[in-house]
Every structure is written in C-alpha cells, then in structure tokens.
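Each reported figure results from applying straightforward, stated rules to the coordinates on display, with no laboratory input. None of these values were measured; they are calculated from a predicted model. A quick note on method: Cβ atoms are made from the backbone with ideal geometry, for glycine too, and the neighbour counts reach across all protein chains shown.
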Amino acid sequence: MKEEREMALQEGQKEFFEERLGQRICCERKSANAPLFMTTAHYHDFYEIYYLVYGERKYFIDDSVFLLKKGDFVLIPRDTLHRTTFTSQTKHERILVYFPGRIMDPSLLGEVFSGYKLSVPIYKTAFVEELFRKMEAEQDNTDGYSAKLMFHYLFELLVFLSRLRKNVGYVNEDKMHDAHILAAVKYINTHFDQNLTLPKMAAMFSLSDAYFSRKFKDTTGFGFSEYLNYTRILAAAKLLTSTDLSVMEVSHICGFNDSNYFTVVFKKINGTTPLVYRRTNRPLLKKNKK
C-alpha cells in the first residue's frame, strides 16, 4: 500500500509537469506530513529550482549530498541525476519551478547553476516566497499577460540567486555523510564505462559488500546497481542525441556488454527505446542550437 501511494504521487507529479510544460515555466507547491521521497531516480532536459519552505530534507544530486532546511534552494541543471529523501523530520513543504533553458540568458543560467545549493538569509525569505506566490497566481491565469509576468518573476528570482551566489559562493556537500560513499559515486561517474560491480567497489574502499551496499543506499537513496544503470543511461541518452553512433556502439561505450539488455534498461528508465528516443529528441537538439 505504501509503495502504491508513493508511485501514485510520483506519477501525479510527472503528469502535472507534462501538462504544464507547454506553458514553458511551471511552478508547483507541495506539502506533506508523512515520509515522502522519489520512488525512482529523476533527470530531465530542463532546469529545476527546488525551494524548501519549511521542514528538513536530504537531497542527492550528481555526486553530492545536501541536508536542506527552511530557506534552502537546490539548483538542478538539465540532464543531472537527482533524488530527494526524507529525514527524521518528515513534515515539510517545498516549491518546484521548471523551465527550459532556451528561454533564459545563458550567462545568467551559468551563474545561478554553477553550484547546487544556496541558503537564503532569513530576512530575504519573505521576498523569495512572495515571488513564488506571484508565479503560482499567474500560472492559473489565461489572459495574454500571464506568460510575460511568469517570465518576469522567474528572471527576478534568477537575478536574486545570481547575486546571492556571488556573495556566499559555493556550498559544499553535507559532511555528515560517508566520504567513502561520495568518493565511490564520483568514481562511478567517471568510470561507468568499465566493468563495475558492487564487490569490486567495496574492495576498492576496504569495505564489506553488505556495509558498502547499505551505506550507498543510505547516503544516495539509490541501490548500487540502480545508480550505475542511471548514470550509464544518462550518458547514453546524450550520445544518442549528439552523435551518429549506432545503438550497439552507444551501449558498449556506456558499459553495457549486451545491447539487448541496454535497450531493456533504457526503456525502463526513459519510457521508450533508444531509437525512438533519438528520433524524438534530435530535432529538439537541432532547434535549440539555432
């Protein structure tokens, strides 16, 4: 029952954003009083801004883990693997904003998304949350001005975040988590094309298989094989849309010895086969490059 509820929440969020993405900028607020986390890993070809209104969450992104509290932002670039899980404090409220990069100045995006976490000074939280309230209000309007106002509020938020980042700099990952596991994640991210197994990785860090497996899951929210597959498939998706390599060549480059198994895993994660994914996304790539 619990798993079905979590899957329903995940599917509901997916349908919400698939419906709203036609508006270019999407904003969603959600609160929960019970444990709530992404039942599957998550990456997408648009930018995401995550803001925690209150509560406490643990956020894994790329090769870093952050402990989030009231007033914290997580800034997620496109095509970046991420996952959120709960801590002992389950009651929380968060706001998400999604938008395609093509609508915004690349230099501004580069400044804002140069690091993953930013904490808003307490005297600025009212300003930030008022911007979100304005975005939510305009999102439901149907007149010809709403899209322009949504862009204006998003631009204002990004400028605020850019200036905040220049003042506070980059925030390191939460040091409460096991340094061995984060080192293992970084190793996977750069060596996913090799024959990596849980026993090999555990031995690399002088840990038992069971301990490594448990700590990997606790720290990242992913099982070892799950994370390895997502990392490989994310790399494969980029190759499929940016090169003319065959599906078999892409599968081997990304660490899969069996192209049929690669297709099965790719479809499970992306909901479509590699060939269909290439046909669907390459025109978008060419359009974005113009």
Fill in the blank from the handout: For segment 93-169, averaging the sequence separation of alpha carbon pairs under 8 Å that lie six or more residues apart and dividing by its residue count, the contact order in percent is 41 percent
Fill in the blank from the handout: Listing His152, His82 by rising number of other beta-carbon atoms within 10 angstrom, fewest first, gives His152, His82
Problem - Distance (nanometres) between label positions extended 7 Å along Cα→Cβ at Phe127 and Val159 - result: 1.1 nm
Fill in the blank from the handout: As a Kirkwood estimate from alpha-carbon pairs, segment 198-271 has a hydrodynamic radius in angstrom of 13.4 Å
Problem - chymotrypsin sites (Phe, Trp or Tyr not before Pro) within segment 91-162, DSSP loop, no more than 11 other Cβ atoms inside 10 Å - result: Tyr145
Fill in the blank from the handout: Placing each pseudo-label 7 Å from Cα in the direction of the beta carbon, Asn195 and Asp105 end up separated by a distance in nanometres of 5.2 nm
Handout entry: Long-range HN-HN contacts of Phe46 with modeled amide H, under 5 Å
Key = Asp79
Fill in the blank from the handout: Residues meeting the amide H criterion for Val65 (H placed from the backbone, H to H distance under 5 Å, 5 or more places apart or on another chain) are Asp174
Exercise for the section: Any of Lys117/Lys238; Lys58/Lys124; Lys30/Lys69 with alpha carbons more than 21 Å apart? Name them for me. Expected result: Lys117/Lys238; Lys58/Lys124
Practice task
Scale the Cα Rg of segment 200-241 by the rule-of-thumb value 2.2 N^0.38 Å and send over the ratio, two decimals.
Solution key: 1.39
Handout entry: Estimated vicinal HN-Hα couplings, Hz - segment 235-243 in sequence order (Karplus 6.51, -1.76, 1.60; Gly, Pro = x)
Key = 5, 5, 4, 5, 5, 5, 9, 10, 9
Exercise for the section: Would you kindly state how much longer the chain becomes between Val276 and Thr142 on full extension, computed as 0.36 nm times their sequence separation minus their alpha carbon distance, in nm to one decimal? Expected result: 44.8 nm
